[in-house]
Amino acid sequence: MVRFWEYLLIAGLIAVLLVVSHWIGQQAYAWMPLEATAEAQKVDDLFSFLVSIGAFIILGLVAMMVYSILFFRAPKYDYSEGHPSRGDLKLEILWTAIPTLLVLWIAFQGFNIYQQLDVLGLRQIVHLHTPLESQPAYAIATGEKPKPAAETIEVFVKQWDWSFRYPNNVTSNELHLPVNLRTRLNMHAKDVLHSFYVPEFRLQQYIVPGRDIDLVVTPTRTGKYKLKDALFSGTYFALMDANVQVESLEQYNQWLTTAEQEPTTIKNQAVAEYTQPPKTLFKSGWYTVAPNQTAIAQNAVP
Amino acid sequence: MESITRDQDSPTSQNEPENKWRRYFSFSTDHKVIGVQYMVMSFLFFLVGGLLAMLIRAELITPASNVVDRPLYNGLFTLHGTIMIFLWIIPFNAGISNYLVPLMLGARDMAFPLLNAISFWMIPPGGILLLSSFLLPNGTAQSGWWSYPPISLQIPPGQPINGEFIWIVSLVIIGISSIIGAVNFVTTIFWMRAPGMTFFRMPVFVWSVLSAQLLQLVNLPSLTGALILLLFDLSLGTQFFKPLENGDPIIYQHLFWFYSHPAVYIMALPAFGIFAEVLPAFSRNPLFGYRSLAVASLGIVVVSIFVWVHHMFTSATPSWMRMLFMVTSMLVAVPTGVKAFGWTATIWKSKLHLETPMLFAMGGAAMFLLGGVTGVMLAAVPFDIHVHNTYFIVGHFHYIVFNTITMAIFAAIYFWFPKITGRMYAEGWGKLHFWLTFIGANLTFFPMLPLGLQGMVRRISSYDPRYQGWNVVASLGGFLLGVSILPFIANIVGSLLYGTRAVNNPWHATGLEWTTTSPPPQDNFEQIPVVKRPPYDYGDPKYSVIEPPDYHQQEN
């Protein structure tokens with residue numbers, strides 16, 4: 001009879017935990033930045049699902065520990081045994097099998113959502129190089145064909161700025177994207193590794209010098225966002241930002257026309273800092289890769 | 001009890017106490033001396049690494065870059081990471097393992113005592129060399145503890161001896177030391193066990209050390225090789241990793257993470273082993289599912305060899321590789337989950353004693369849950385793509401390396417302090433240390449998770465003002481964490497000098513190390529023990545040590 005009530009209590013606690021974990025999982029949407037692409041919603045769904053499962057596991061085990069601390073304390077100097085149980089084969093099989101099934105389920109969910117993202121097309125990904133060749137040979141990875149897109153924008157990144165070239169050959173330091181249109185970003189790094197990252201897009205991709213890397217993105221919400229370099233790229237890494245403007249197709253086309261006639265100049269923060277004496281408490285004066293002279297000259301123009 | 005006067009019985013006691021401290025500065029081949037040397041040295045590096053961390057947190061308390069200039073900031077986080085991994089956790093684990101493994105196995109020493117000493121004495125020069133790079137005209141390495149090329153190859157012109165060069169040479173020295181140490185540990189565990197010490201009578205700590213050292217043997221040569229190739233690129237003009245000269249920087253990432261992901265388990269497995277020793281002792285229960293937990297250590301080894309690409313999901317990695325490594329990375333949750341369930345079941349329906357080692361062990365085990373769950377999240381490719389290289393990773397990682405592993409290390413120090421020193425520590429100071437650490441650690445590392453979700457990139461020296469709130473909390477937590485070490489130092493030093501004499505087995509624990517004196521004599525045991533009992537026999541009335549309530553009072 002006691003065992004029956006114990007099982008009933010455990011079942012009740014599991015039910016409460018399930019409800020609480022589900023609620024925490026629903027809150028998880030609010031922990032993320034705005035969803036600005038079709039892909040972001042799917043990533044957030046996955047995150048919410050993971051938070052629910054994680055909350056269930058953490059709350060369950062921590063509750064058991066706290067309960068033990070409150071109710072299973074030994075009197076001082078009592079070093080007699082707690083209970084003699086060394087194991088329980090059924091229980092051990094159960095807690096091996098359940099996590100195995102759980103992670104396979106999570107992996108399946110992850111795979112499904114990854115398939116739906118359909119954002120990446122890697123060209124020339126496999127880099128084959130033999131010592132006899134003077135030039136590297138490339139092979140196209142199977143299944144990594146570039147995805148179809150309505151617009152292609154070239155992205156260039158180097159120490160210390162981003163620049164973007166549009167279909168009408170306009171170049172700008174701002175990334176303008178038409179809303180609800182699949183746009184391919186064809187990315188190139190000129191010196192070291194960088195990483196393209198817009199948190200609201202939930203997308204991140206390393207850009208490797210010498211490789212063409214495509215990222216297809218479909219913004220769904222107009223607004224102004226920040227592109228960040230997510231992979232450490234040197235001294236002025238923290239300043240490797242660029243504005244991202246998602247706008248209607250009309251506004252986008254209008255901007256392209258305006259920019260063609262009147263190129264916009266945006267002050268480069270890294271150059272501004274490089275040309276000024278440091279304002280920090282401790283100054284090491286250690287070596288840094290300098291911005292190029294053209295960038296310094298351009299920034300000097302008022 | 002005899003342990004009180006054990007020092008006088010020791011074969012080396014004729015020269016004590018005047019020569020006692022000197023042997024810790026000597027080329028001793030005694031595994032216990034080497035163990036202490038490792039632990040003390042790594043703790044000194046921990047203080048240095050912690051100081052660098054506090055400077056980093058001082059910089060990040062405001063959005064602007066206003067405390068240290070950017071190259072110095074880059075050097076700070078590079079050396080903070082390097083020191084904490086290669087000069088704190090890994091050598092400390094080597095130290096505590098060195099001290100305990102022969103005692104736990106019933107051996108007189110490690111299999112190769114001379115090699116053991118050589119392995120230790122390679123580390124101080126490596127560490128000092130690394131720190132000396134602060135004195136170079138252009139300072140330390142600045143490319144992060146990953147040292148990804150080609151950024152790690154951007155050096156000051158005309159300076160062949162530069163921070164990056166020193167960093168690589170230091171790590172190669174430390175890496176070779178670890179490989180030598182691994183050979184010694186694996187050999188000792190296979191061949192030096194006392195009669196009757198079958199594999200399934202070995203404590204889980206020994207299983208964990210065996211597993212960690214097997215990983216060192218299999219995976220560490222990959223990092224050492226990558227570093228040597230990087231050194232060639234840096235100094236000899238080769239082009240292994242230079243993308244604009246036919247090299248491939250992604251190959252470096254594969255070689256680097258082939259070691260450096262399993263390195264997390266190399267660090268964590270001994271911590272799991274510590275939990276498996278401390279939790280049963282202070283619960284008075286056998287370790288629940290002992291065989292499962294022992295085998296789970298080997299399970300972690302097998303699976304963790306196949307997970308490295310999850311650090312490269314955004315590195316121009318093809319989809320098939322992303323999917324494959326998503327599954328393998330998630331599978332690590334199975335053996336680690338088995339361990340976490342086993343610890344909890346050990347505590348359940350027990351007789352808990354909440355002394356300092358138990359507090360650190362329970363705190364560490366509880367925080368491992370958050371570290372582990374966020375780890376599974378990171379294995380899910382679509383989510384990882386969003387938070388990769390953000391503070392979410394930093395938070396997850398520190399929940400493992402500090403909130404789990406360093407907490408376990410403190411549990412170990414308090415648990416085996418009486419055995420190692422022959423003195424008891426002060427319980428009140430220990431508990432103060434625990435609470436400051438527990439609160440400080442959560443204040444420091446929890447804010448990193450929401451910061452990462454919001455998109456704050458790691459390794460930046462200035463940030464958008466909207467991230468400031470959580471950063472202030474993290475910085476204040478970091479300073480508290482810095483302060484938390486003071487009661488620990490006071491306790492250790494004070495107890496060494498004035499602590500109550502320890503008995504052989506102050507915790508009434510099972511395990512061979514508790515059957516010898518505190519501290520153990522030169523050859524560990526009067527006679528090599530013959531093992532006839534299962535491990536963790538706390539629940540077996542036949543073997544349980546049940547002492548009268550005034551046990552401690554009588555002895556103290």
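The values are calculated or read from the model by the stated rules, or taken from the named source; none is laboratory data. This is a predicted model, so every value here is computed, not measured. Reconstructed Cβ throughout: ideal geometry from the backbone, glycine too, with neighbour counts over all protein chains shown. Note: areas computed on protein heavy atoms with side chains; ligands, DNA, RNA excluded. Shrake-Rupley method; radii C 1.70, N 1.55, O 1.52, S 1.80 Å.
Couple of notes before you dig in:
- Extension gain for A:T171 to A:L249 (0.36 nm times residue separation, less C-alpha to C-alpha distance): 26.3 nm.
- With all protein chains modelled, accessible area of B:I176 [1.4 Å, Å²]: 70
- log10 of Debye I(q)/I(0), alpha-carbon scatterers only, for the range B:168-251 at 0.11, 0.13, 0.22, 0.23 Å⁻¹: -0.45, -0.56, -0.98, -1.03
- Calculated mean residue ellipticity at 222 nm for chain B: -20000 deg cm²/dmol, from DSSP H runs with n ≥ 4 weighted as -39500 (n - 2.57), summed, divided by the residue count and rounded to 500.
- Point-to-point label distance, A:L104-A:N180, nm (Cα→Cβ direction, 7 Å offset): 4.3
- Within the accessible area of the range B:111-236 (1.4 Å probe), percent carbon and sulfur: 79
- When the other protein chains are added to the chain by itself, burial of at least 20 square angstrom of heavy-atom accessible area (probe 1.4 Å, ligands and nucleic acids ignored) affects these residues of the range A:250-287: A:E273, A:T280, A:L281, A:F282, A:S284, A:W286, A:Y287.
- Largest to smallest principal axis extent of the C-alpha atoms in the range B:31-121, angstrom: 57, 21, 14
- Pair-distance distribution P(r) for chain A, from all Cα-Cα distances in 10 Å bins starting at 0: 5, 18, 23, 19, 15, 10, 7, 3, 0 percent.
- Whole-number D in µm²/s for the range B:415-523 (Stokes-Einstein; Kirkwood sum over Cα pairs; 20 °C, 1.002 mPa s): 129
- Counting only protein heavy atoms and using a 1.4 Å probe, the accessible area of A:Y77 comes to about 60 Å².
- Take the Cα of A:A97, step 7 Å toward its Cβ, do the same at B:W320, and the gap between the two points is 3.4 nm.
- Approximating the spin labels as points 7 Å out from Cα along Cα→Cβ, the B:E245-to-B:V493 distance works out to 5.0 nm.
- Accessible area per residue in Å² at 1.4 Å probe, computed on chain B: 31
- Long-range HN-HN contacts of A:Y79 with modeled amide H, under 5 Å: B:E547
- The residues of the range A:45-66 occluded by other protein chains by 40 Å² or more of accessible area, set against the chain on its own, are A:F47, A:L50, A:I58, A:L61, A:M64, A:M65; surface from heavy atoms, 1.4 Å probe.
- The protein assembly as shown has equivalent-ellipsoid semi-axes of 49, 31, 24 Å, by the square roots of 5 times the alpha carbon gyration tensor eigenvalues, sorted largest first.
- Rounded to the nearest 10 degrees, the angle from helix B:333-347 to the longest Cα principal axis of chain B is 30 degrees.
- Heavy atoms of chains B and A lose about 9400 Å² of accessible surface on contact, summed over both sides with a 1.4 Å probe.
- Percent RCO, i.e. relative contact order, over the range A:1-61, from Cα pairs under 8 Å lying at least 6 residues apart: 44
- A straight Cα-to-Cα reach below 27 Å connects A:K226 with the lysines A:K42, A:K147, A:K158, A:K190, A:K267, A:K279, residues fewer than 8 places away in its own chain not being considered.
- 20 Å cut-off, amide nitrogen to a point 7 angstrom out along B:Q527 Cα→Cβ, residues in the range B:494-520: B:511-518, B:520
- The range B:299-406: projected area of the alpha-carbon convex hull, averaged over directions, in nm²: 7.3
- Global geometry of the range B:486-545, whether rounded, prolate or oblate, following the gyration tensor of its Cα atoms and the 1.5 cut on a/c: oblate
- Calculated FRET efficiency for the pair B:T198/B:A64, C-beta based, R₀ 60 Å, to 0.05: 0.45
- Contact order relative to length of chain A, as percent, for alpha carbon pairs under 8 angstrom and 6 or more apart: 16
- Stokes-Einstein translational diffusion, the range A:34-75 - Kirkwood Rh over all Cα pairs, 1.002 mPa s, 20 °C, in µm²/s: 168
- Over the range B:369-494, Cα pairs under 8 Å with separation of 6+ residues give a relative contact order of 34 percent.
- At 1.567 mPa s and 4 °C, Stokes diffusion of the range B:160-312 via Kirkwood alpha-carbon radius, µm² per second: 75
- The 1.4 Å probe gives accessible areas that order B:S119, A:S284, largest first, as A:S284, B:S119.
- Shielding of A:197-209 by partner chains, average beta-carbon count, 10 Å: 6
- Restricting the range A:228-299 to trypsin sites (Lys or Arg not before Pro) that sit in a DSSP loop and have at most 13 other Cβ atoms within 10 Å of their own Cβ leaves A:K267, A:K279, A:K283.
- The simple Förster model, with R0 at 60 Å and r as the Cβ-Cβ distance, assigns A:Y77 and B:L129 a FRET efficiency of 0.75.
- Measuring gaps between exposed loop sites in chain B (GluC sites (Glu not before Pro); DSSP loop; at most 16 other Cβ atoms within 10 Å), the longest gap, sites not included, is B:19-525.
- Here the calculated FRET efficiency for B:R466 and A:M64, from their Cβ-Cβ distance with R0 = 60 Å, stands at 0.95, rounded to the nearest 0.05.
- Relative to the longest principal axis of the Cα atoms of chain B, the long axis of helix B:70-82 lies at roughly 30 degrees.
- The overall shape of the range A:226-277 is oblate: from the C-alpha gyration tensor, with semi-axes ordered a ≥ b ≥ c, the ratio a/c is 1.5 or greater and a/b is no larger than b/c.
- Here's the list of lysines a cross-link from B:K20 could span, going by alpha-carbon distance under 18 Å and ignoring same-chain residues fewer than 8 apart: B:K32, B:K419.
- Taking 0.36 nm per residue of separation and subtracting the current Cα-Cα distance, fully stretching the chain between A:A15 and A:N292 would add 93.5 nm.
- The angle between the Cα long axis of helix B:163-191 and the main principal axis of chain B comes to about 30°, on a 0 to 90 degree scale.
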